[in-house]
Amino acid sequence: MKRITYITAILVAGVAISVASCDSKREPGKVYMPDMAYSRAYESYAAHDSALFTMDPNDKGAKIFYNSMPAAGTIKRGELFPFPLAKDTNNYKIAGTVKNPFDSLSKADLTEAGRLFNINCAICHGEKATGNGPLGTSGKIGAIANLTLDQYVNMPDGQMFYSITYGKNDMGSYASQLTRAQRWSIIKYVRTLQPKKEAAAATPATGTASPAKTDSATAKKG
Ligand code: HEC
């Protein structure tokens, strides 16, 4: 009997407390650091009140400057540095001097690069990179590069990156489909499909600073 009285007393007290705490009209609860609880974030995609915001750098200070662009020179977290060369015939010639940021890839990364190659490139270049993918054999696109030839075995990573990034003749640019890291790692994967550098005849690609050095390193590590 005593027990039941205790339990009832506790229940009644509980109900009383919860009812009391709901009575927020008279005394709203205290908010610790209201700025954090109710943030004043502005929606980046909402229309901006022109009385508050400006896209004109000269109005900075008077209004909030916001042009939806990242600050100049910033790089997305996890993204690689931009390719330093713009699209230009002369830059193509010296593109080989730009080093592949990856010395070697883990097995998982190489498998992923292979998957991306098969999705994006094999349609023309073929899964073995010999240039006999379905579009290659269809005859609709001419002169698809056989990437297992000496010419491409000797082509430095940087020059391949240039062509994959800006496109070359019938090959389009892959800059918008593949991140920089994906493009560089696909090149590593292409190396695994090519014959070893040592076996290939030495016909260095034109205008590169040290193609032999860059290439033998990448060809060995694949
Ligand atoms: C639409 C067909 C097509 C697709 C898809 C394609 N390529 Fe090519 N690729 C070509 C052709 C054609 C050439 C020869 C361009 C030339 O030298 O005129 C070429 C050339 C190349 C070269 C040599 C570039 C040079 O500077 O001579 C590399 C490297 C290459 N492709 C890699 C790739 C990779 C990697 C992908 C996938 C991300 C890819 N290609 C997707 C058609 C294609």
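What the table below lists for this structure:
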read-out	value
Tabulated pairs, segment 138-152, first closer than 16 Å to residue 127 by Cβ, second among the acidic types (Asp, Glu) and within 6 Å of the ligand (Cβ to nearest atom), C-beta under 8 angstrom, 6+ apart or interchain	144/170
Lone unmet requirement of (1) over 23 Å from the mean Cα position of the chain (by Cα); (2) surrounded by 10 or more Cβ atoms within 10 Å (Cβ to Cβ); (3) over 18 Å from residue 189 (Cβ atoms) for residue 124	(3)
Matching option when the condition is part of a loop (DSSP other than H, G, I, E, B), at pLDDT 90 or above, under 24 Å from residue 145 (Cβ atoms) and among the polar types (S, T, N, Q), among 100, 118, 91	100
First in segment 1-17 and at pLDDT 65 or above, second anywhere and β-branched (Val, Ile, Thr), Cβ under 7 Å, 6 or more apart	none
Residue within segment 143-155 that is assigned to a loop (DSSP other than H, G, I, E, B) and among the charged types (D, E, K, R) present	no
Among the candidates 175, 145, 201, 129, residue that is hydrophobic (A, V, I, L, M, F, W, C) and at pLDDT below 90	201
Of residues in segment 189-198 being assigned to a helix (DSSP H, G or I) and at pLDDT below 95, the one farthest from the chain's Cα centre (by Cα)	198
Qualifying position, being closer than 27 Å to residue 81 by Cβ, among the aromatic types (Phe, Trp, Tyr) and more than 12 Å from the ligand (Cβ to nearest atom), among 102, 117	102
Inter-residue pairs, beta-carbon under 6 Å, first over 16 Å from residue 156 (Cβ atoms) and within 15 Å of the ligand (Cβ to nearest atom) and in segment 189-203, second of a type in the set (Gly, Ala, Ser) and at pLDDT below 95, 6+ apart	192/222
Search result, residues across segment 139-166 that are touching a strand residue (DSSP E or B) at 6+ places or on another chain (Cβ under 9 Å) and either within 6 Å of the ligand (Cβ to nearest atom) or more than 25 Å from residue 83 (Cα to Cα) (or both)	141, 144, 145, 163, 164
Odd one out for residue 136 among (1) assigned to a helix (DSSP H, G or I); (2) at pLDDT 95 or above; (3) over 18 Å from residue 85 (Cβ atoms); (4) within 11 Å of the ligand (Cβ to nearest atom)	(2)
Any hit, segment 131-146, residues being closer than 13 Å to residue 187 by Cα and of a type outside the set (S, T, N, Q)	no
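The values are calculated or read from the model by the stated rules, or taken from the named source; none is laboratory data. Keep in mind it's a predicted model, so treat the numbers as computed, not measured. Counting neighbours? That spans all protein chains shown, and the Cβs are built from the backbone with ideal geometry, glycine included.
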